[in-house]
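Asker: One structure coming up, written as structure tokens, with questions to follow.
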Amino acid sequence: MLKITHFNKITRFDLARAVPNRWRYWTTTYLVDDLLVDTGCAHTALELLLTLADAPLTCIVNTHTHEDHIGANGDLQARQPDLTIYAHPLALSILADPRGMQPLHPYRKVFWGWPKPSHAIAVTDNAMVKTKHQCFQVIYTPGHAPDHICLYEPENGWLFTGDLFSGGKDRAIRAGYEPPT
């Protein structure tokens, strides 16, 4: 299931897998110029790939390595081998081997599935990620996950927060969560 919303220069993709009793956990990706912020979950990867078939992607930034944010990385890189993925240094080993490095609880397998491996390049705090028309500052924001980053675009006042801001609806606390951080 995919919903698309346009906000000026940003395209938002809300993705979910329908499961029994119509329960859905939505995950969101954003397209700005040639940059994709996060890639949703493995169960919605094919739908996202089909939707982005004509998009001129050059890079992905993963805000963190939870399976609902990295699910289409491997598929997108398989389709486009020169696609660069940026992530925090702590994320690189998880992205390379999600099954081995990040075991999933049964409910996580059902809702989001196992991401395929992908190759990423490390970005650190205050690094800059440039697109065709924008320049994003990487801000290291641990707390939700040890490898969590945000992207800030000061000219437009945009902040892509991954799961740093959950709006009070975070339904589970996992190992590695440190909300006060």
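Asker: Scan segment 142-164 and report the pairs whose first residue is over 19 Å from Leu35 (Cα atoms) and without any contact (Cβ under 8 Å) to a residue 40 or more places away in the chain and whose second residue is surrounded by 20 or more Cβ atoms within 10 Å (Cβ to Cβ) and of a type in the set (A, V, I, L, M), with Cβ atoms within less than 8 Å and a gap of 6+ or a chain change.
Answerer: Listed by first residue and then by second, the contacts come to nothing, as the list is empty.
Asker: Name the single residue that is nearest to Leu46 (Cα to Cα) among those in segment 104-113 being of a type outside the set (Lys, Arg) and surrounded by fewer than 17 Cβ atoms within 10 Å (Cβ to Cβ). Show your work before the answer.
Answerer: Kept after step one, since they are of a type outside the set (Lys, Arg), are these residues of segment 104-113: 104-107, 110-113.
Narrowing the set further to residues that are surrounded by fewer than 17 Cβ atoms within 10 Å (Cβ to Cβ) leaves 105-107, 110.
Values: His105: 23, Pro106: 22, Tyr107: 21, Val110: 16 Å.
Filtering first and then ranking leaves Val110.
Asker: Which residues, taken from segment 30-50, are at pLDDT below 95 and among the β-branched types (Val, Ile, Thr)?
Answerer: Selection gives Thr44 alone.
Asker: Within the bounds of segment 77-92, is there any residue that is out of contact with any strand residue (DSSP E or B) (no Cβ under 9 Å at 6 or more places or on another chain), in contact (Cβ under 8 Å) with a residue 40 or more places away in the chain and charged (D, E, K, R)?
Answerer: No, every residue in segment 77-92 fails to be out of contact with any strand residue (DSSP E or B) (no Cβ under 9 Å at 6 or more places or on another chain), in contact (Cβ under 8 Å) with a residue 40 or more places away in the chain and charged (D, E, K, R).
Asker: Only residues that are without any contact (Cβ under 8 Å) to a residue 40 or more places away in the chain, more than 22 Å from Gln134 (Cα to Cα) and assigned to a loop (DSSP other than H, G, I, E, B): list them for segment 24-52, please.
Answerer: Answer for segment 24-52, where residues must be without any contact (Cβ under 8 Å) to a residue 40 or more places away in the chain, more than 22 Å from Gln134 (Cα to Cα) and assigned to a loop (DSSP other than H, G, I, E, B): Arg24, Trp26, Gly40.
Asker: Can you tell me which residue is modelled with the lowest pLDDT among those in segment 77-103 that are surrounded by fewer than 22 Cβ atoms within 10 Å (Cβ to Cβ) and either aliphatic (A, V, I, L, M) or closer than 20 Å to Ile4 by Cα (or both)?
Answerer: Taking segment 77-103 and keeping what is surrounded by fewer than 22 Cβ atoms within 10 Å (Cβ to Cβ), we get 77-84, 86, 89-90, 92-93, 96-97, 99-103.
Cutting the leftovers down to either aliphatic (A, V, I, L, M) or closer than 20 Å to Ile4 by Cα (or both) gives us 78, 83, 90, 92, 96, 101.
Working: Ala78: 95, Leu83: 95, Leu90: 96, Leu92: 96, Ala96: 96, Met101: 85.
Restricting to residues being surrounded by fewer than 22 Cβ atoms within 10 Å (Cβ to Cβ) and either aliphatic (A, V, I, L, M) or closer than 20 Å to Ile4 by Cα (or both), the top hit is Met101.
Asker: Still on this model: Can you tell me which residues in segment 33-44 are farther than 21 Å from Leu151 by Cβ and either of a type in the set (Asp, Glu) or over 12 Å from the mean Cα position of the chain (by Cα) (or both)? Full working, then the answer.
Answerer: Of the residues in segment 33-44, the ones farther than 21 Å from Leu151 by Cβ are 42-44.
Result: His43, Thr44.
Asker: Also, quick follow-up: As an exercise: evaluate Val110 against (1) in a loop (DSSP other than H, G, I, E, B); (2) modelled with pLDDT under 90; (3) of a type in the set (A, V, I, L, M) and give the number of the one condition it does not meet.
Answerer: Every listed condition holds for Val110 apart from (1).
Asker: Which of the residues spanning segment 120-165 are among the polar types (S, T, N, Q), exposed (fewer than 15 other Cβ atoms within 10 Å of the Cβ) and farther than 23 Å from Asp14 by Cα?
Answerer: Thr124, Asn126
Asker: Quick test of your reading of the structure: Asp75 fulfils all but one of (1) over 20 Å from Ala96 (Cα atoms); (2) not in a loop (DSSP other than H, G, I, E, B). Name the failing condition by number.
Answerer: Of the numbered conditions (1) over 20 Å from Ala96 (Cα atoms); (2) not in a loop (DSSP other than H, G, I, E, B), the odd one out for Asp75 is (1).
Asker: Count, please, the residues in segment 113-137 that happen to be hydrophobic (A, V, I, L, M, F, W, C) and touching a residue at least 60 places away in the same chain (Cβ under 8 Å). If you could, list the steps in order and put the result at the bottom.
Answerer: Applying the first criterion (hydrophobic (A, V, I, L, M, F, W, C)) to segment 113-137 yields 114, 120-123, 127-129, 135-136.
From what is left, the residues that are touching a residue at least 60 places away in the same chain (Cβ under 8 Å) are 114, 123, 129, 136.
Qualifying residue count for the region: 4.
Asker: Only one residue in Arg22, Arg17 is within 22 Å of Gln77 (Cβ to Cβ), at pLDDT below 90 and basic (Lys, Arg), so which one is that?
Answerer: Numbers: Arg22 fails: within 22 Å of Gln77 (Cβ to Cβ).
The match here is Arg17.
Asker: Could you please find all residues in segment 56-66 being assigned to a loop (DSSP other than H, G, I, E, B) and at pLDDT 90 or above? Write out each step before concluding.
Answerer: Narrowing segment 56-66 to residues assigned to a loop (DSSP other than H, G, I, E, B): 56-58, 62-66.
Scanning segment 56-66 gives Leu57, Thr58, Asn62, Thr63, His64, Thr65.
The values are calculated or read from the model by the stated rules, or taken from the named source; none is laboratory data. Just so you know, these numbers come straight off a predicted model, no measurement behind them. Note that each Cβ is placed from the backbone with ideal geometry, even for glycine, and that neighbours are counted across all protein chains shown.
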